[in-house]
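Single-structure report; data block below.
The values are calculated or read from the model by the stated rules, or taken from the named source; none is laboratory data. Worth saying up front: this structure is predicted, and the values here are computed from it rather than measured. Every residue, glycine among them, receives a Cβ derived from its backbone with ideal geometry; neighbour counts consider all protein chains shown.
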Amino acid sequence: MKVLITGCHGLLGQRLVKYAPPGCDVVATDVHKDSQFIRAEIYRPCDLTVRDAVINLIDTVQPNDIINAAAFTDVDGAEEQRDLCWLVNVIAMENLVQAARRVHADIYHVSTDYIFNGENGPYREDDTPNPLGFYGQSKLAAEQVLKGSPLNFTIARTMVLYGVSENNRPEFVGWLIKKLRNNEPVHIVTDQIGNTTLNDDLARALWKLVRRSYHGVVHIAGREILSRYDFALKIANVFNLNVSLINPITTADFRQKAPRPLKSGLNVDKAIHTLGLVLSDVEGGLRKYKALIENS
Ligand SMILES: NC(=O)c1ccc[n+]([C@@H]2O[C@H](COP(=O)([O-])OP(=O)(O)OC[C@H]3O[C@@H](n4cnc5c(N)ncnc54)[C@H](OP(=O)(O)O)[C@@H]3O)[C@@H](O)[C@H]2O)c1
């Protein structure tokens with residue numbers, strides 16, 4: 001099995017490299033010229049928005065499978081940097097599809113709950129998408145590129161990824177712990193509701209799907225649904241931090257640049273009951289995160 005992992009510097013990509021099954025021949029790529037924490041012998045830099053570069057990489061590597069964890073993930077930034085967001089999330093997907101066709105590779109692509117409008121979550125795999133912001137529109141367009149291709153593919157939708165990473169990628173749990181340890185008050189929205197997902201759970205689940213050659217659309221996220229405010233309280237609890245620094249606020253008052261799906265969430269019944277994937281509940285995920293920090 002030869003697998004190409006894209007976005008290997010990212011919050012998810014790093015853990016995909018870490019949990020590659022024994023005997024699997026992995027090549028890892030990202031846009032950065034050098035890699036400080038991916039073994040040089042498996043790292044091949046590539047800007048996925050450049051078609052010839054992608055074709056050259058995939059012709060050379062000849063992967064059986066491609067796990068696409070590369071993306072433009074700055075939800076608010078996407079409203080202002082629309083061209084770049086579209087290039088990285090949609091044009092790069094077109095390039096991957098074209099290159100994968102030449103070597104008959106399957107694509108495992110990571111998508112998001114932001115393709116839904118958050119009026120009546122949690123959402124099932126076949127619910128109708130209707131993104132509110134540009135990031136969600138670009139991620140939906142990428143899904144459509146893949147669905148319109150002749151390739152075997154999997155779309156794994158996830159939400160609110162957190163977890164450890166070598167280069168401390170920005171993520172909610174690490175950010176909150178830092179703030180509370182510094183005794184800084186924070187305002188956390190009470191009306192954005194959904195699952196929260198440990199990057200390690202998602203990485204391991206994706207590998208299971210690759211090993212089984214599973215194809216289809218599946219929601220892979222933590223098994224519980226809660227508000228971001230309640231998540232913050234649980235984080236403070238698990239890490240013994242000062243809960244009184246966490247102040248509730250509504251999304252309307254918080255004024256993020258991009259609109260957010262409010263009553264969101266991904267129904268993970270298919271992942272758990274049909275596919276047998278192991279997904280943590282909130283406290284379980286946070287305790288695994290804590291153990292990883294303490295043992296690093
Ligand atoms: N994080 C979340 O809460 C969340 C929630 C739902 C779904 N997802 C989806 O999950 C997947 C993984 O997310 P993540 O949080 O791991 O993302 P991430 O940490 O932002 O990692 C994405 C990686 O892709 C790289 N990249 C950007 N432009 C590229 C290009 N032109 N060519 C090659 N690589 C490029 C990024 O490099 P730079 O850092 O230099 O840009 C980064 O290393 C994405 O598809 C995302 O949409 C994430």
Item checked: Count - residues of region 14-35 that are near the ligand (Cβ under 9 Å from one of its atoms), within 15 Å of Asp47 (Cα to Cα) and not in a strand (DSSP E or B) -> 3
Item checked: Selected residue (only one of Arg260, Arg223 is out of contact with any strand residue (DSSP E or B) (no Cβ under 6 Å at 6 or more places or on another chain), assigned to a loop (DSSP other than H, G, I, E, B), over 27 Å from Glu294 (Cα atoms) and of a type in the set (Lys, Arg)) -> Arg260
Next item on the list: Among what's in region 135-194 and is of a type in the set (S, T, N, Q) and part of a helix (DSSP H, G or I), pick the residue that is nearest to the ligand (Cβ to nearest atom).
Entry: Ser138
Next item on the list: Any residue in region 281-296 that's within 12 Å of Asp201 (Cβ to Cβ): show its pairings with residues that are of a type in the set (Gly, Ala, Ser) and not in a loop (DSSP other than H, G, I, E, B) at Cβ separation under 9 Å, as long as the two are six or more apart or on different chains.
Entry: Tyr289/Gly174
Next item on the list: Out of the residues in region 36-57 that are more than 13 Å from the ligand (Cβ to nearest atom) and aliphatic (A, V, I, L, M), state the one that is farthest from Asp106 (Cα to Cα).
Entry: Ala40
Next item on the list: Scan (1) buried (at least 18 other Cβ atoms within 10 Å of the Cβ); (2) under 28 Å from Gly222 (Cα atoms) for the single condition Ile91 breaks and write down its number.
Entry: (2)
Next item on the list: Kindly establish whether Ala252 is part of a helix (DSSP H, G or I) and aliphatic (A, V, I, L, M).
Entry: yes
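Could you tell me how many of the residues in region 188-204 are of a type outside the set (D, E, K, R) and within 15 Å of Leu11 (Cβ to Cβ)?
Total meeting the criteria: 6.
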Note to self: Which of the numbered conditions does Ser244 fail, given that it passes all the others? Conditions: (1) under 22 Å from the mean Cα position of the chain (by Cα); (2) of a type outside the set (Lys, Arg); (3) not in a loop (DSSP other than H, G, I, E, B).
What the structure shows: (1)
Next item on the list: Please list, ordered by first then second residue, the pairs with beta carbon atoms under 6 Å, 6 or more apart or interchain, first in region 175-186 and surrounded by 11 or more Cβ atoms within 10 Å (Cβ to Cβ), second at pLDDT 95 or above and in a loop (DSSP other than H, G, I, E, B).
Entry: Ile177/Phe239; Leu180/Leu241; Leu180/Asn242
